[in-house]
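Just below is one structure, and these are the notes that go with it.
The values are calculated or read from the model by the stated rules, or taken from the named source; none is laboratory data. Since the model is a prediction, treat every value here as computed from it, not as a measurement. FYI the Cβ positions are ideal-geometry reconstructions off the backbone, even for glycines, and counts take in every protein chain you see.
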């Protein structure tokens, strides 16, 4: 009888341990996009894809506030050659991509600390900041989507926001 109780307790313990280590499904799945641009730059962006889930975009991402440009870990922007974004030079490497959305323009922030949780932003590690137009589209997008074109055009779409910038070989 004691052996049976011990075996049962051991089995329960293994079950609890296995459940604790099982990967949890993310509400905002991880995604990545990559392209080799016409100018030969390999560009890759890894990000979390939050959904609106009935929320208004500006309650999730208020205008004028730093946003991790995704969900969960910081969005990673990786290039294998020196580039220019909005006329500012960005050396080859990995960066975290943050934004400060606004009604008419958005500030792109390329931060030196790329391997971090998204809300651990530290302005002192910014490499460059670039201001680009914020376009409003009549078509709503439920889940954050980042797309890349061979021309180097990067498009960030969420709700009715369109934030675009071009990555050019320096």
Inset, instruction - May I ask you to list the residues in the range 89-112 that are surrounded by fewer than 18 Cβ atoms within 10 Å (Cβ to Cβ) and either farther than 22 Å from residue 64 by Cβ or without any contact (Cβ under 8 Å) to a residue 24 or more places away in the chain (or both)? - result: 89, 91, 92, 93, 94, 112
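Conditions tested, residue by residue: (1) under 30 Å from residue 170 (Cβ atoms); (2) modelled with pLDDT of 95 or more.
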residue: 2; (1), (2): no, no
residue: 15; (1), (2): no, no
residue: 18; (1), (2): no, no
residue: 30; (1), (2): yes, yes
residue: 36; (1), (2): yes, yes
residue: 42; (1), (2): yes, yes
residue: 52; (1), (2): no, yes
residue: 71; (1), (2): no, yes
Legend entry - Qualifying residue in the range 161-170 (condition: in a loop (DSSP other than H, G, I, E, B), touching a strand residue (DSSP E or B) at 6+ places or on another chain (Cβ under 6 Å) and surrounded by 14 or more Cβ atoms within 10 Å (Cβ to Cβ)): yes
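The rows are residues; the columns are (1) in a loop (DSSP other than H, G, I, E, B); (2) modelled with pLDDT of 95 or more.
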| position | (1), (2) |
| --- | --- |
| 63 | yes, yes |
| 77 | no, yes |
| 107 | no, yes |
| 120 | yes, no |
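Taking the stated definitions as given, is residue 102 at pLDDT 95 or above and over 14 Å from the mean Cα position of the chain (by Cα)?
So residue 102 passes the test.
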Legend entry - Checklist (1) part of a strand (DSSP E or B); (2) under 15 Å from the mean Cα position of the chain (by Cα) applied to residue 127, failing item: (2)
Inset, instruction - Looking only at the range 89-105, count how many residues are touching a strand residue (DSSP E or B) at 6+ places or on another chain (Cβ under 7 Å) and in a loop (DSSP other than H, G, I, E, B). - result: 5
Inset, instruction - Within the range 135-158, count every residue that is touching a residue at least 24 places away in the same chain (Cβ under 8 Å) and buried (at least 19 other Cβ atoms within 10 Å of the Cβ). - result: 6
Inset, instruction - For the range 29-61, name all the residues that are assigned to a loop (DSSP other than H, G, I, E, B) and closer than 14 Å to residue 156 by Cβ. - result: 49, 50, 61
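On the given criteria, is residue 84 in contact with a strand residue (DSSP E or B) (Cβ under 7 Å, 6 or more places away or on another chain), farther than 26 Å from residue 159 by Cβ, at pLDDT 95 or above and not in a strand (DSSP E or B)?
no
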